[in-house]
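What follows is a single structure, written as structure tokens, with notes after it.
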Amino acid sequence: MIYRIFAALTVAAVIIGSLLLARQGRAPQAATVQRVDRGDGYSARDVQLIETGANGLPLYTVDAASIRQLPREDRVQLKQVRLAFQDPSGEQWSATAQRGAIAHGTDQVELAGDVQVAAALRGSRSPIQIHTDMLTFDSHTDQVSTADPVSLAWAGQTLNAIGLVVNLKAHRLQLESKVHAIVTPPH
């Protein structure tokens, strides 16, 4: 009887040993690893960006509550934005918006969401107020523009239009289409 138990254990040990040796003889299977390259994005809070010209002087300043660059995107996203710049004659312009974006390799700052602009136009005694939902400032061409509905308040008068282009070099503000205005001459 002991002989039979010993024989059964020996056969079981040989089978188990053979299986283990066979497993070690095979090349290990490589685990499937899927690499996800997310790139290097970044984010920051309470940020001030200053874009300078060739002369080292500021072209514009952007203050934002937060800034975020998503991986593999060529844009920087801004929240609670304030943009400040001077036109070529030295008049100060400022704009605020809920959000904005700056595309890499461009000279454009895009503003969106309750965009408010305040500026003093050369030769004017009263500042101009612009309200729209989308606005682009291009520091290369010195233009401010929108294709969206715009409201312009100036010297106690209000003009409404769809689309606006301000050529800062030429000191010209152009309303694009569908202009509605009520102008009351001074007494």
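Looking across the range 116-148, the residues that are within 22 Å of Thr52 (Cα to Cα), polar (S, T, N, Q) and either in contact with a Cys (Cβ under 7 Å, 6 or more places away or on another chain) or surrounded by 14 or more Cβ atoms within 10 Å (Cβ to Cβ) (or both) come down to Thr136, Ser139, Gln143, Ser145. Any residue at all in the range 98-106 that's touching a residue at least 24 places away in the same chain (Cβ under 8 Å) and in contact with a Ser or Thr (Cβ under 9 Å, 6 or more places away or on another chain)? So far as the range 98-106 goes, no, none of its residues is touching a residue at least 24 places away in the same chain (Cβ under 8 Å) and in contact with a Ser or Thr (Cβ under 9 Å, 6 or more places away or on another chain). The criterion of at least 2 residues that are touching a Gly at 6+ places or on another chain (Cβ under 7 Å) and under 22 Å from Ala147 (Cα atoms) is met, among strands (runs of 3 or more DSSP E) falling completely within the range 35-126, by 75-86, 92-103, 108-119. Of the listed requirements (1) surrounded by fewer than 16 Cβ atoms within 10 Å (Cβ to Cβ); (2) over 27 Å from Pro71 (Cβ atoms), Gly113 misses just one: (2).
Conditions tested, residue by residue: (1) among the small types (Gly, Ala, Ser); (2) farther than 30 Å from Gly156 by Cβ.
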residue	(1), (2)
Ile50	no, yes
Ser66	yes, yes
Arg72	no, yes
Arg82	no, no
Ala103	yes, yes
Val109	no, no
Arg122	no, no
Gln129	no, no
Thr132	no, no
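Of the strands (runs of 3 or more DSSP E) lying entirely inside the range 139-187, those containing at least 2 residues that are over 23 Å from the mean Cα position of the chain (by Cα) and modelled with pLDDT under 80 span 172-182. Of all residue pairs spaced 6 or more apart or on separate chains, those with beta-carbon atoms under 9 Å, a first member in the range 53-64 that is among the aromatic types (Phe, Trp, Tyr) and a second member that is outside any strand (DSSP E or B) are Tyr60/Ser139.
The values are calculated or read from the model by the stated rules, or taken from the named source; none is laboratory data. Since we're looking at a predicted model, the values are computed, not measured. Note: ideal-geometry Cβ built from the backbone for every residue, glycine included; neighbour counts use all protein chains shown.
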